[in-house]
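Trainee: Handing you a structure now.
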Amino acid sequence: MVVKKVEAPPDQLDWRECSECQRLAPPRSWHCKVCKVCVLKRDHHCLYTGCCIGHRNHRFFMGFIFYLFVGSVYALVYNSIYMWIIQGHIYCNWLTILKLTCPMLLLVTGSFWVNMYLLFYSLNVLALAYGVLLLGYHVPIVLRGGVSADRTKESKQKYDRGVYENLKSVLGDRMHIAWLSPLIRSELPDDGYHWSPSKNRKD
């Protein structure tokens, strides 16, 4: 089988040929080996959502991890009130601390229901830590107009148009309310195919 060299039209000179698809791919698109397709402004392939996070659904992914964080904080506050104040006579002891730091002890000591609350509390703490980790990683990338696939310092700053415009390119024209719910319609200012480098970029 002979594969012909693909040449870009004049209005697509900044496009490149994808070695996997053997087709022209727009700037900032990356090929996903799982989805087997090039994704516009691909950030990463998410194992939790089962799809690639890219130009059209980046906003929804950021909302997902934001509300994961909010929900974890909310649950941890109420779980802490219940365990350490309302049921303090049961949980305020050294054995509880040991069980939280070494969950294997839940299998050998204490009653089933007491241990179930401790297990859910531990999972709650893990969910909060994971939410903080995800936000701490992805928010700075969004604020500088990048994607996770950007590896070099040059590529990280190439499309930085300032915090306001960078947020707008992810959350859309109604970004001031778009973060409240995924049901709020908010058109993206970019089409995902054409990207102009930052004006502040130093060549």
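Trainee: Which numbered condition in (1) more than 16 Å from the chain's Cα centre (by Cα); (2) basic (Lys, Arg); (3) surrounded by 16 or more Cβ atoms within 10 Å (Cβ to Cβ) is the only one that Arg185 fails?
Mentor: So Arg185 meets the others, but not (3).
Trainee: I've got another one for you. Just one of Leu100, Leu107, Leu95, Leu126 is of a type in the set (A, V, I, L, M) and either in contact (Cβ under 8 Å) with a residue 60 or more places away in the chain or surrounded by 14 or more Cβ atoms within 10 Å (Cβ to Cβ) (or both); which is it?
Mentor: Matching residue, one of Leu100, Leu107, Leu95, Leu126: Leu100.
Trainee: Name, by its number, the condition in (1) surrounded by 16 or more Cβ atoms within 10 Å (Cβ to Cβ); (2) within 20 Å of the chain's Cα centre (by Cα) that does not hold for Asn115.
Mentor: (2)
Trainee: Examine region 71-78 for a residue that is closer than 30 Å to Ala178 by Cα, polar (S, T, N, Q) and either free of Cβ contacts under 8 Å to residues at least 40 places away in the same chain or buried (at least 17 other Cβ atoms within 10 Å of the Cβ) (or both), and state whether such a residue exists.
Mentor: yes
Bear in mind these aren't lab numbers, they're just calculated from the coordinates by the rules spelled out. Nothing here was measured: the structure is a model prediction, and the numbers come from that model. Ideal geometry is used to build each Cβ from the backbone, glycine not excepted, and the neighbour counts take in all protein chains shown.
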